[in-house]
Amino acid sequence: MADTHVPKRARDLPAPLWDAVDRADVVVHAGDWADVPLLDALEQRAKRLIALYGNNDGPALRARLPETARAELAGLRVAVIHETGPAAGRERRCATLFADSDVLFFGHSHIPWDTTAPSGLRLLNPGSPTDRRRQPYATFLTAEIKDGGLSAVELHRIGG
């Protein structure tokens, strides 16, 4: 997930996302929380949380979270960043910056994104579960790791 903006855009995460959090082995949040209580709640409910701060996150969140996060999950090298810059040239730019990663999760735009750079880097943006902006639906992503790669990547629509 990314760009939750709780409580500014919603009072809480939607129930389908909380259900996914409860089922997940790992939860990724790509920034723009807006306030600390959601971080506290996710730290309590998630089996493992990989998270960072976004451009709308203030000093309290920045004190607890990094600007970039990296992890290895069952052989998959994961990187997380909030902002990647303009869509034009994103794959090339990110493939250079994250050459040591297999997948890059990012946020900021609130626009779901799923592409693969020529280098093989998979770029995923889950959109926003609480602030759809110009998108038809609020969204989040789920994925499975199998044989060191991503499988079953699914964009979930909320409401509509």
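The values are calculated or read from the model by the stated rules, or taken from the named source; none is laboratory data. Fair warning: this is a prediction, and the values are worked out from it, not measured in the lab. Using ideal geometry, Cβ is built from the backbone for each residue, glycine included, and neighbour counts are taken over all protein chains shown.
Run down 10, 30, 24, 20 and say which single residue is touching a residue at least 24 places away in the same chain (Cβ under 8 Å), among the small types (Gly, Ala, Ser) and in contact with a Gly (Cβ under 7 Å, 6 or more places away or on another chain).
30
A quick yes/no check of all residues on (1) aromatic (Phe, Trp, Tyr); (2) at pLDDT below 95; (3) out of contact with any Phe, Trp or Tyr (no Cβ under 9 Å at 6 or more places or on another chain); (4) over 15 Å from residue 93 (Cα atoms):
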| site | (1), (2), (3), (4) |
| --- | --- |
| 105 | yes, no, yes, no |
| 125 | no, no, no, yes |
| 132 | no, yes, yes, yes |
| 139 | no, no, yes, yes |
| 150 | no, yes, yes, yes |
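Between residues in the stretch 60-74 that are touching a residue at least 24 places away in the same chain (Cβ under 8 Å) and residues that are hydroxyl-bearing (Ser, Thr, Tyr) and surrounded by 16 or more Cβ atoms within 10 Å (Cβ to Cβ), which pairs lie under 8 Å by C-beta distance while being six or more apart or on different chains?
Close Cβ pairs satisfying both conditions: 61/53; 65/53; 70/101.
Where in the stretch 102-160 are the strands (runs of 3 or more DSSP E), entirely inside, with at least 3 residues that are not hydroxyl-bearing (Ser, Thr, Tyr)?
103-105, 122-125, 138-146, 149-158
Looking at (1) at pLDDT below 95; (2) β-branched (Val, Ile, Thr); (3) under 20 Å from residue 114 (Cα atoms), which is the one condition that is false for residue 84?
(1)
So which residues in the stretch 26-63 are buried (at least 16 other Cβ atoms within 10 Å of the Cβ) and assigned to a helix (DSSP H, G or I), if there are any at all?
Scanning the stretch 26-63 gives 38, 39, 42, 61.
Take the residues in the stretch 92-113 that are of a type in the set (A, V, I, L, M) and buried (at least 18 other Cβ atoms within 10 Å of the Cβ); name whichever of them is nearest to residue 80 (Cα to Cα).
Residues of the stretch 92-113 of a type in the set (A, V, I, L, M): 95, 97, 99, 103-104, 111.
Next cut, buried (at least 18 other Cβ atoms within 10 Å of the Cβ) only: 95, 103-104.
Numbers: 95: 13, 103: 8, 104: 6 Å.
Taking the candidates together, the pick is 104.
Tell me, yes or no, whether the stretch 119-126 has at least one residue that is in contact (Cβ under 8 Å) with a residue 60 or more places away in the chain and either farther than 15 Å from residue 80 by Cα or of a type in the set (Lys, Arg) (or both).
Checked the stretch 119-126: no residue is in contact (Cβ under 8 Å) with a residue 60 or more places away in the chain and either farther than 15 Å from residue 80 by Cα or of a type in the set (Lys, Arg) (or both).
Taking the conditions exactly as written (within 15 Å of the chain's Cα centre (by Cα) and either closer than 13 Å to residue 31 by Cα or among the basic types (Lys, Arg) (or both)), does residue 69 satisfy them or not?
Judged against the criteria, residue 69 is a match.
Inside the stretch 35-50, can you point out the residues that are within 15 Å of residue 80 (Cα to Cα) and touching a helix residue (DSSP H, G or I) at 6+ places or on another chain (Cβ under 7 Å)?
Passing the criteria: only 49.
For the stretch 1-25, which positions are of a type in the set (Asp, Glu), within 29 Å of residue 77 (Cβ to Cβ) and exposed (fewer than 15 other Cβ atoms within 10 Å of the Cβ)? Show your work before the answer.
The first filter runs over the stretch 1-25 and keeps only residues of a type in the set (Asp, Glu), leaving 3, 12, 19, 22, 25.
Applying the additional criterion that residues be within 29 Å of residue 77 (Cβ to Cβ) yields 3, 19, 22, 25.
Of everything in the stretch 1-25, those that are of a type in the set (Asp, Glu), within 29 Å of residue 77 (Cβ to Cβ) and exposed (fewer than 15 other Cβ atoms within 10 Å of the Cβ) turn out to be 19, 22, 25.
Only one of (1) surrounded by fewer than 14 Cβ atoms within 10 Å (Cβ to Cβ); (2) under 17 Å from residue 28 (Cβ atoms); (3) over 16 Å from the mean Cα position of the chain (by Cα) is not met by residue 149, so which one is it?
Tallying (1) surrounded by fewer than 14 Cβ atoms within 10 Å (Cβ to Cβ); (2) under 17 Å from residue 28 (Cβ atoms); (3) over 16 Å from the mean Cα position of the chain (by Cα), residue 149 fails exactly one: (1).
Look through 100, 22, 57, 32 and report the one residue that is acidic (Asp, Glu) and touching a helix residue (DSSP H, G or I) at 6+ places or on another chain (Cβ under 8 Å).
22
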